[in-house]
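Okay, so here's the structure we're looking at.
The values are calculated or read from the model by the stated rules, or taken from the named source; none is laboratory data. Given the structure is predicted, the values throughout are model-derived calculations rather than measurements. Every residue, glycine among them, receives a Cβ derived from its backbone with ideal geometry; neighbour counts consider all protein chains shown. The area values use the complete protein model at the heavy-atom level, side chains included, leaving out ligands, DNA and RNA. Shrake-Rupley method; radii C 1.70, N 1.55, O 1.52, S 1.80 Å.
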Amino acid sequence: MKKIILVLALGISGLGFSQGNTHTQSGGKFEGLAMTPPMGWNSWNTFGTSIDEKLVKETADIMVSSGMAAAGYNYIVLDDGWMAKERDVNGDLVADPVKFPNGMKAVIDYVHGKGLKFGLYNCAGIQTCAGYPGTRGYEYQDARFYAKLGIDFLKYDWCNTKGITAPEAYTTMSNALKTAGRPIVFSLCEWGDNQPWEWGKPVGNLWRISGDIYPCFDCEFKHPENWSSWGFMKIADMRKDIRKYSGPDHWNDFDMMEVGNEMNDTEDKAHFSLWCMLASPLFSGNDYRKMSKETLAILTNKELIAVNQDKLGIQGFKYLAEDGLEVWVKPLSEGNWAVTFLNRSEVSKKINFDWKKYIIKDADFGYEADFNKTVFRIKDLWKNKEAGNTKKNFIADITPHNVITLRLTP
Ligand code: GLA
């Protein structure tokens, strides 16, 4: 009897799940899909809307052959520009037939065949930011479309959303995905405008906390249409107070990386170190077909990735800033800490850090490192070399925009 009632109830609520924002909200995201920050590749930073089947296949091939996949990068995400300008007669989304002549399913099968996962982009508004069909009013239909296609990740943007609110719109899509039944990582991209860290945990697995990244160290790039993109240091500095909202399966997303794009290798190292310290999702945004061996070495540094993927999932924080030198710290599992010295200035600096002068306290998560009570072994993660212990001062030279990232083990 009970079973019959349950089936009936599901049937009725199923009917209620039509398109739009009007039905009762319930349910929530698929839990447990991103217990460590998701890693992969996203097309937007380098390619914008100039994407096609050949690019996806070549990127998937290189993700595997270069060692990126072995290092942990496993999502290939196509951002804006994958769709045709119109839905089909049934209202379904259509892949651009010129860019994807064999359809999206063929591309997804290829990526899955390589042992990788696949993601797509859409937007909560009536159109995407680049003017392709948005999902507003088609949430449940699009969710079924994605589930049927077999995607594993959906990035959901926030352009052209006049008249709707972010918590409602993202909850609707989260419920639609859940109802469609295929576990799909749900990536909220509303740029931190509506404090997604306050309501996003039951809704999505990660959420952007800022406007778009720009391939520079610390600049603001002003677009003519009156919005800005940000150098990675600017993004790292934004929203200092929200680290307590980030953790396993609900990550603050500092945006796709610009490693291998327009900065030099030193700045790329600093960028990667910070994204690891911040427990940010790690989506590479470069052209794999032109990747230098230096870029590959940065993106696949195992020790840095282990800092990012540490199972505690704690977002690090800036502990000290003095005279252009910054010290960022991140509590890790088993009493370890990651420490990054960063030279933000334009001149070389000498580091002479007396550990014993400091007790590092993580006020949000309750971790503490007291170097008078505990001696830590030090490993330099970029040099992949032991570097003594915390009984002695840490002494090093550091060039402009460079980083030294250490793992401390008690
Ligand atoms: C927004 C997002 C970007 C990218 C573009 C696509 O700007 O923040 O990450 O997805 O839209 O149009």
Mind listing whichever residues of region 128-177 are assigned to a helix (DSSP H, G or I), buried (at least 20 other Cβ atoms within 10 Å of the Cβ) and more than 16 Å from the ligand (Cβ to nearest atom)?
Glu139, Tyr140, Asp142, Ala143, Phe145, Tyr146, Thr171, Thr172, Ser174, Asn175, Ala176, Leu177
Breaking point among (1) away from the ligand (no atom under 15 Å from the Cβ); (2) surrounded by fewer than 24 Cβ atoms within 10 Å (Cβ to Cβ); (3) polar (S, T, N, Q), for Asn194:
(1)
Can Pro101 be described as open to solvent by 60 Å² or more (accessible area, probe 1.4 Å) and touching a residue at least 40 places away in the same chain (Cβ under 8 Å)?
yes
Against the definition (at positive phi, part of a loop (DSSP other than H, G, I, E, B) and open to solvent by 40 Å² or more (accessible area, probe 1.4 Å)), how does Gly366 come out, yes or no?
yes
Answer yes or no: is there a residue in region 307-330 that is touching a helix residue (DSSP H, G or I) at 6+ places or on another chain (Cβ under 8 Å) and in a helix (DSSP H, G or I).
yes
Residues being under 16 Å from Ser280 (Cα atoms) and either open to solvent by 10 Å² or more (accessible area, probe 1.4 Å) or of a type in the set (S, T, N, Q) (or both) - total across region 311-327
5
Across region 197-225, the tally of residues that are polar (S, T, N, Q) and either open to solvent by 70 Å² or more (accessible area, probe 1.4 Å) or within 16 Å of the ligand (Cβ to nearest atom) (or both) stands at 1
Which residues, taken from region 211-259, are acidic (Asp, Glu) and under 20 Å from Asn42 (Cβ atoms)?
Asp212, Asp249, Asp253, Asp255, Glu258
Residues located in region 50-68, provided they are among the basic types (Lys, Arg) and either assigned to a loop (DSSP other than H, G, I, E, B) or touching a strand residue (DSSP E or B) at 6+ places or on another chain (Cβ under 9 Å) (or both)
none
Which number in (1) open to solvent by 10 Å² or more (accessible area, probe 1.4 Å); (2) touching a residue at least 40 places away in the same chain (Cβ under 8 Å) marks the one condition that Ala95 misses?
(2)
Scope region 39-54; condition open to solvent by less than 40 Å² (accessible area, probe 1.4 Å) and more than 16 Å from the ligand (Cβ to nearest atom); matching residues:
Met39, Glu53
Being at pLDDT 95 or above, open to solvent by 50 Å² or more (accessible area, probe 1.4 Å) and in a loop (DSSP other than H, G, I, E, B) narrows Asp109, Asp80, Asp88 down to just Asp88
